[in-house]
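Read through the structure below, which is laid out as structure tokens, and then see the notes.
Rule-based calculations on the coordinates, nothing more; no lab input. If you're wondering where the values come from, they're calculated on a predicted model, not measured in any experiment. As a convention, Cβ positions derive from the backbone with ideal geometry for all residues, glycine included, and neighbour counts pool all protein chains shown.
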Amino acid sequence: MYEQIERIRNILPPRVQNRVDAVLEAAEIFTEMKSASVMRSVAPSAIRGLLLKSGKFSETADMPANHSAHFNWAYPHDHPEMHALYERAKIGQWNGSSLPWNTSVDPFNPEVPIAPLDLIDLGAADKLGIKLTASEQPRMIHSMSSWMLSQFLHGEQGALLAAAQVTESVQFFDGKLYGSTQVVDEGRHVEVFHRYLNEKLCKMYPINDNLFVIIDALMTDSRWDMKFLGMQIMVEGLALGAFGFLYQNTKEPLLKELLKYVIQDEARHVHYGVLALKEHITEHLTPKERAEREDWAYEIALLMRNRFMAYEVYDEWYAGTSVTRDQWRQLVMQSPGMQRFRAIMLSRLVPNIREIGLLTPRMRPHYDQAGMGAYFNGLAAPELTGEQMIHDLDEGKIAA
Ligand SMILES: [Fe+2]
Ligand SMILES: [Fe+2]
């Protein structure tokens, strides 16, 4: 059947071919997913994000929430480690307005790059038939940096609303107090990334469809632990790696300072997710429920690794031209900067999946086959504070 589709596709004009490709990519998700229960739980979000493009066609989105808000009138001190994180979070508060916003930023200056210049490999672009003139090259790097930071911003908005949800639904009272600090942290992250994009890069991209799918899936899931797994481990874990990558690679001092503060907050958030889930997953779930979470985490990791392809940049630059989505995907896959970006995202994520008990002997071969085996023994959030992470990034001990 695929050969027939391919034959029909090839006789269509490029503009229509690209639309067909986008629909086929959405359909591919369902053929790639091995677990029926994961497919069932993600399907409505995938339809909204990938087929209906709900993140792109409107400036607003309403996601129905149907979790329980859990109250406790006895106010117990029920989790000393979460309480310790709460104390650290209060001391670690900072004001986004106090960053050196008067720094002059020229996003087109290759001497002070916002992001590594090999995010798009110009040599590979040439070989793939994607021609970029000398004046287009710095514009393309600006587009890629703006795209990356835009996804950070949209992820932060997801984190802000999800942090509010998990604060409502978490069963530990110390978790609720800690969660209140995360809500403030995420609000500040939205503030600083939005201001940086708006004032310094002067460009913003819509949310990536796959990021929309993940956020939609966890916001609409009624199970509290799926919200924690989706936001605190998967999205925040990947974000922590992504921020570390950019922190280590940017030469722009304002962005570097901004990321230094954000990374220290995010390390606490992932730590909180690990504390909330570790005991729950290993001791309170049935084998079937646990297997579903193992599969879910793996499928989401793959989704982000395989599909975070900057198609929003493609749509702006090449939609309707002879450059196809497939050529663009190959370029993004081959560009060394994007390869390092994906590697460091996963290197921060996989150890936390292990720490909460989801990297089971059943799952290890799958991760191994997908090229993530190298991260099995990395440091998880409880072993790596934000301060230590910044120190290690500065010393080059964490490869990014
Ligand atoms: Fe954040
Ligand atoms: Fe966060």
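Things worth noting here:
- For the chain, a Gaussian network of Cα nodes joined below 10 Å ranks R340, R195, R40 by mean-square fluctuation, and the top entry is R40.
- Contour minus Cα-Cα distance for E257 and S104 (0.36 nm per residue): 53.7 nm
- For Q171 and E136, a Förster radius of 35 Å and the Cβ-Cβ distance give a FRET efficiency of 0.05, rounded to the nearest 0.05.
- A simple charge model with +1 on the Cβ of Lys and Arg, -1 on the Cβ of Asp and Glu and nothing else charged puts the dipole of the chain at about 720 debye relative to its Cα centre.
- Here the calculated FRET efficiency for H284 and Q93, from their Cβ-Cβ distance with R0 = 25 Å, stands at 0.15, rounded to the nearest 0.05.
- Under a Gaussian network description of the chain, with springs only between Cα atoms under 10 Å, the residue in T220, T360, T167 that fluctuates furthest is T360.
- Computed from the C-beta positions of Q388 and Q327 and an R0 of 56 Å, the FRET efficiency is 0.85 to the nearest 0.05.
- Build a GNM of the chain with springs between Cα atoms under 10 Å apart, and of P351, P80, P107 the one that fluctuates most is P80.
- Given their separation in residues at 0.36 nm each and the Cα-Cα distance between them, N66 and Q334 gain 92.3 nm when the chain is fully extended.
- Kirkwood-based Rg to Rh ratio, the chain, C-alpha trace: 0.96
- Under a model in which nothing but the beta-carbon of Lys, Arg (+1) and Asp, Glu (-1) is charged, the range 85-176 shows a dipole of about 140 debye around its Cα centre.
- Cα→Cβ-extended label distance, 7 Å offset, between W73 and S222, nm: 2.5 nm
- L51 versus A374: modelled label distance in nm, points set 7 Å from Cα along the beta carbon direction: 3.8 nm
- The chain: DSSP helices with Cα axial extent of at least 20 Å and average Kyte-Doolittle hydropathy no lower than -1.0: 14-32, 136-169, 173-195, 253-279, 336-355
- Dipole axis of the range 215-303 (+1 Lys, Arg; -1 Asp, Glu on Cβ), positive-most option in A291, L238, L303: L238
- The ranking of S347, S222, S37 from fewest to most other beta carbons within 10 Å of each one's beta carbon is S222, S37, S347.
- Simple label model, 7 Å out from Cα along Cβ direction - E81 to E32, nm: 3.2 nm
- Tail beyond 20 Å, pair distance distribution of the range 31-160 (Cα, percent): 73 percent
- Relative packing of peptides 290-299, 52-61 - highest average C-beta neighbours within 10 Å first: 290-299, 52-61
- Annotation note: GluC sites (Glu not before Pro) in the range 98-163 located in DSSP loop regions with a Cβ neighbour count of at most 13 within 10 Å are E111.
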